Amino acid sequence: MLFWDDFSEGMFCGGGFSAYDLHVDCIPTSNVGSVFAGHKLLAIWRYPEDTRAVMREHGRELFVPPLTPKQVSALERACCVALAPPGSIYIFSGTNAHAVCNVGIGSPGGAGEAPPPSLVVSSYEAFVGLNRQHVDVLLDTCSRGACVGLDASDTDSDLEEFMEEVVDTAHSCQKRLRLGEVNEPEAVAEMLARVSEKSVRARRALAAGRDGKDSEASDSSGKENTEGMNLMCLQETKRQRRIVN
Ligand SMILES: [Fe+2]
């Protein structure tokens, strides 16, 4: 994988018809949601055209009852509307426009009993695999370098830190590819080529790795060397995770 964050950075907790407004995540990963209690209603729109269109018309709106006729129409253009029950796991890309509404009921009881009221509790992990489109979207988002108009819970510095981790992981993938330790060498090689092509920072880091200059180019402080290359990206960050392929 090019990125894997199994460190949950927060729990989402709310009552019935609380919601998260329509948005696109600043950090371009696939999200793995886990629902621990209650039901979560999620709508997503295709990337990129439908995402841009619905964001233009409804960005930051809450999709909760009573829905306006325009919101109903927008939901009819969603590529998926799903109800995630307690105990479920769901995956979607945060680069797709998405809106969430909590449905504050638990699992139905036995013998036809009505489901009891419940808080809705969920959390997320995230990953980016070797899928070509996912890698391209990641690189395009990071090349813009700003979270303008997107999820305000993330900042430009979060995006910067994210890209550091991606470059670090790509560098590790390159080492493992060279050692014959990856299961899908062609996919990894293609990913590395795309990352090198679209990211100057990654290109420099991977070139240093290929030429065996990692130790020469870095100094103990991790500050930029004389070539102006920031090698902090090659150092282990606190959120780094083991690369799985
Ligand atoms: Fe989101």
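Tell me, please, whether a residue that is on the phi < 0 side of the Ramachandran plot and assigned to a loop (DSSP other than H, G, I, E, B) can be found in segment 33-46. Checking segment 33-46: at least one residue is on the phi < 0 side of the Ramachandran plot and assigned to a loop (DSSP other than H, G, I, E, B).
Among the residues examined, Pro108 does not qualify as under 30 Å from Asp140 (Cα atoms), modelled with pLDDT under 95 and surrounded by fewer than 16 Cβ atoms within 10 Å (Cβ to Cβ). Looking only at segment 4-16, residues that are of a type in the set (Asp, Glu) and more than 15 Å from the ligand (Cβ to nearest atom) come to 1 in all. For Gly87, the test of being at pLDDT 95 or above, on the phi > 0 side of the Ramachandran plot and in contact with a Pro (Cβ under 7 Å, 6 or more places away or on another chain) is failed. Tell me which residues, restricted to segment 17-29, are surrounded by 20 or more Cβ atoms within 10 Å (Cβ to Cβ) and either farther than 21 Å from Ala74 by Cβ or within 9 Å of the ligand (Cβ to nearest atom) (or both). Scanning segment 17-29 gives His23, Val24, Asp25, Cys26, Ile27, Pro28, Thr29.
The values are calculated or read from the model by the stated rules, or taken from the named source; none is laboratory data. Here the structure is a predicted model, which means the values were calculated and not measured. No Cβ is skipped: glycine too gets one built from the backbone with ideal geometry, and neighbour counts run over all protein chains shown.
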